[in-house]
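> Just dropping this structure here.
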Amino acid sequence: TELTLGCPVIPAAAARADGLWRRTCFEAFIAAPDAAAYCEFNFSPSGEWAAYRFRSYRDDMADLALAASPTILFEKNEAGFHLRAEINFGSLFDADALTVALTAVIEQNDSEVSYWSLAHPPGKPDFHHRDCFALTLTKE
């Protein structure tokens with residue numbers, strides 16, 4: 001099966017932008033395991049990015065201030081594509097463990113969109129749902 005993406009693959013200057021989830025976008029949702037609050041990070045193959053914080057499930061969304069812009073590296077070749085994003089969290093998370101949802105919105109050239117996640121809640125895709133937070137990271 002071949003997937004043809006309908007997204008820009010020529011890197012642009014790294015810049016904050018809203019609405020990245022409407023096209024091809026890779027996302028990370030991060031929270032302390034027992035906290036209602038969480039953060040959302042969006043990364044586009046164009047180099048654009050976004051960072052938001054939520055007080056609880058889809059509530060009180062606001063831009064998240066970062067000490068520095070994320071570094072985004074995107075590579076596309078005959079084997080596929082790879083996006084690497086590096087974020088300096090600073091003191092954003094004060095927890096021994098974090099739960100993470102790694103997700104992707106993929107737009108094909110025919111404008112069909114598919115939604116990918118390590119785990120999905122029942123029903124339609126909802127990356128903010130805690131069932132998607134399937135990865136746990138711990139401090140070493």
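The values are calculated or read from the model by the stated rules, or taken from the named source; none is laboratory data. Bear in mind the structure is a predicted one, so any value in this text is a computation, not a measurement. No Cβ is skipped: glycine too gets one built from the backbone with ideal geometry, and neighbour counts run over all protein chains shown. SASA here: full protein model, heavy atoms, side chains in, ligands and nucleic acids out. Shrake-Rupley method; radii C 1.70, N 1.55, O 1.52, S 1.80 Å.
> Would you say residue 65 is open to solvent by less than 70 Å² (accessible area, probe 1.4 Å) and under 17 Å from the mean Cα position of the chain (by Cα)?
no
> Now for a separate question. Is there a residue in the range 85-95 that is farther than 14 Å from residue 14 by Cβ and either touching a Lys or Arg at 6+ places or on another chain (Cβ under 7 Å) or in a strand (DSSP E or B) (or both)?
No - not one qualifying residue is present in the range 85-95.
> Mind counting the residues in the range 31-79 that are under 17 Å from residue 99 (Cα atoms) and of a type in the set (Ser, Thr, Tyr)?
Selection size over the range 31-79: 4.
> Out of the range 32-53, which residues are among the aliphatic types (A, V, I, L, M) and either touching a helix residue (DSSP H, G or I) at 6+ places or on another chain (Cβ under 8 Å) or surrounded by 21 or more Cβ atoms within 10 Å (Cβ to Cβ) (or both)?
Across the range 32-53, the qualifying residue is only 50.
> Taking the residues in the range 96-128 that are free of Cβ contacts under 8 Å to residues at least 12 places away in the same chain and not in a strand (DSSP E or B) as candidates, determine which candidate is most open to solvent (accessible area, probe 1.4 Å).
124
> What are the pairs with Cβ atoms under 6 angstrom where one residue, in the range 75-95, is closer than 13 Å to residue 30 by Cβ and the other, located anywhere, is of a type in the set (Phe, Trp, Tyr) and not in a loop (DSSP other than H, G, I, E, B)? Sequence gap at least six, or different chains.
What qualifies is 85/43.
> Here's a follow-up. Among the listed residues 111, 56, which satisfies the condition of being out of contact with any helix residue (DSSP H, G or I) (no Cβ under 7 Å at 6 or more places or on another chain), at pLDDT 85 or above and of a type in the set (Ser, Thr, Tyr)?
The unique qualifying residue is 56.
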